[in-house]
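Beneath this line is the structure, given in structure tokens, with notes to follow.
Here, each number is a calculation from the coordinates, and none is a lab measurement. Remember, predicted model here, so these are calculated numbers, not experimental data. With ideal geometry, Cβ positions are generated from the backbone for all residues, glycine too; neighbour counts draw on all protein chains shown.
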């Protein structure tokens, strides 16, 4: 039966993993992800799942073990954060190249240095070109729902790509919230029994090679096949979301638009900060100001046309980035660069500005978000953009 529980984001994902009951989980502890696999290891120890839980000596080993298990035909999961994700770097690309439907939670945390254990998005933004589907979560409920959906997305025969689900370190990972869990039977029925779409290493009747040397004679074609998998992913994400809505009553898409339809200006921001921004939108709406929010859920594949269409009617847009793309145009953030490109390619000509915020876990408060909306209305009044990139809340 369904159950409502008080859970933090990490525990919510651990319960999703328990209900999915994967064949193999290989993981290494790292703050602030640790409690996810620690909680899941208790489920293993208590006999609540049949999972083979592999404790390894590093995150590189964790992903390597996941790759081996997935290539052998297992349904595989893991979780990590920050430097742990960076330590997986080489094998992240291998998992995607081998088209292995691994599902991983990344609890967003700043990358060193200096060393920092708090939230920003530099870890997964650094991995955005590794060939993984990337789904961001605003709160614990979304993390739970996204993780369950990720299994179906990754394993779809038209996709066959690994998926990383993200939520914000400490803000979501360790904050207790109301989470509605589906019943174990509902989750098992939704994800179904895993039947690998390709021959596996243990299929003696259909021999297959994983990890060969792949020179210029075929490497290019294999990369092109990955492109096709990513191209199919967007429709599969929506298809899975429609099925999940019928089951859970909770609607998901490529992004969430909040009070956007009649807005004049809007903010685009990922993850937990979207929740704070919704409160600011409601406050400013009560003052008669036509403001809105767009919260991307799917960052890879980036839904450029759909996002551009949703923003097309606005007079000015601010993107808020919790990471920096060093050396990119104006050292802007990666979300800004994607949104700006989408607007210009698909006909949007409104001013689009970027705000870098919250690096290393620095708080973002409602007054700062209000100041972003104030800046957008100032752009409308003056017709001038003073700065393309603003560092919000930094001591200059």
Legend entry - Where N is the number of residues in region 93-232, Cα Rg divided by 2.2 N^0.38 Å: 1.22
Legend entry - P(r) weight above 24 Å for region 3-248, C-alpha pairs, percent: 42 percent
Inset, instruction - Among 169, 358, 211, determine the one that fluctuates most according to a GNM of the chain built with springs between C-alpha atoms less than 10 Å apart. - result: 211
Inset, instruction - Could you work out how far the C-alpha centroid of region 229-304 sits from that of region 162-221, in angstrom? - result: 24 Å
Inset, instruction - Give, to the nearest whole percent, the P(r) tail of region 335-396 beyond 13 angstrom, counting all Cα pairs. - result: 68 percent
Inset, instruction - Just the Kirkwood number for region 28-113, please: inverse of mean 1/r across all distinct Cα pairs, in Å, one decimal. - result: 13.3 Å
Inset, instruction - Would you mind checking the tilt of helix 9-20 against the longest principal axis of the Cα atoms of the chain, expressed as 0 to 90 degrees and rounded to 10? - result: 40 degrees
Inset, instruction - Kindly express, to the nearest 10 degrees and within the range 0 to 90, the angle between helix 219-248's C-alpha long axis and the longest C-alpha principal axis of the chain. - result: 80 degrees
Legend entry - Size of region 181-268 as Cα extents on the principal axes (Å, biggest first): 55, 39, 16
Inset, instruction - Going by C-beta contacts inside 10 Å, put 109, 251 in order with the fewest on the left. - result: 251, 109
Legend entry - Degrees between helix 273-286 axis and first principal axis of the chain (Cα, 0 to 90, nearest 10): 30 degrees
Inset, instruction - Run the numbers on region 1-117 and let me know its relative contact order in percent, using alpha-carbon pairs under 8 Å that are six or more apart. - result: 27 percent
Inset, instruction - Write down Rg/Rh for region 270-337, rounded to two decimals, with Rg from the C-alpha atoms and Rh from the Kirkwood relation over Cα pairs. - result: 0.99
Inset, instruction - Going by C-beta contacts inside 10 Å, put 365, 319 in order with the fewest on the left. - result: 365, 319
Legend entry - For 238, 160, order by how many other beta-carbon atoms lie within 10 Å, fewest first: 238, 160
Inset, instruction - Quickly estimate the mean residue ellipticity at 222 nm for the chain, helices only: each DSSP H run with n ≥ 4 gives -39500 (n - 2.57), and the total goes over all residues, rounded to 500. - result: -13000 deg cm²/dmol
Legend entry - Distance histogram in 10 Å bins (all Cα pairs of region 255-392, percent per bin): 13, 48, 36, 4, 0
Inset, instruction - Could you grab the relative contact order for region 255-392? Cα pairs under 8 Å, six or more apart, rounded to a whole percent. - result: 27 percent
Inset, instruction - Treat region 223-289 as a sphere of radius equal to its Kirkwood radius over Cα pairs and apply Stokes-Einstein at 25 °C in a medium of 0.890 mPa s; give the translational diffusion coefficient in µm²/s, rounded to a whole number. - result: 168 µm²/s
Legend entry - Alpha carbon Rg of region 75-148, scaled by the compact-globule rule 2.2 N^0.38 Å: 1.10
